[in-house]
1. Say R0 is 30 Å: what FRET efficiency, to the nearest 0.05, do Val62 and Asp22 get from their beta-carbon distance?
2. How big is the charge dipole of the range 24-110 about its Cα centre, in debye rounded to the nearest 20, if each Lys and Arg gets +1 on its Cβ and each Asp and Glu gets -1 on its Cβ?
Amino acid sequence: MSTPRTLCGLLLLTLCGTVLADEPTPMESCLQLAMTLLAENPQLQERWQQTWVEPSSIHEEVYDGAVEGQHASKRLTAQLRRGDQSDGQFICLLAENGKALSVDHLDDADTP
């Protein structure tokens, strides 16, 4: 027979398992792809470590294009900061399911 403590533990384990199994947010998916790509380039990795994404600048919009044959339906942009200064714009293209397909960086001079 189960005790109340055992039942509470099982309930907590079930709830935690559900939370841990959640899919990453679009931004998390983009950052994961960026980190994978940066691992191959030490110069960019060093620059990335000095910058951060301005949370209030994250913007997701509808997009219609393709990345290596896969349909991209969302475009996520965010302002990058290095200390008090802008360090360009982070751009990520996503599939309909939220999977990041492509990440890019535009310097401030290249931003329209």
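Values quoted throughout were computed directly from the atomic coordinates according to the rules given, and no laboratory measurement underlies them. Remember, predicted model here, so these are calculated numbers, not experimental data. Reconstructed Cβ throughout: ideal geometry from the backbone, glycine too, with neighbour counts over all protein chains shown.
1. 0.80
2. 200
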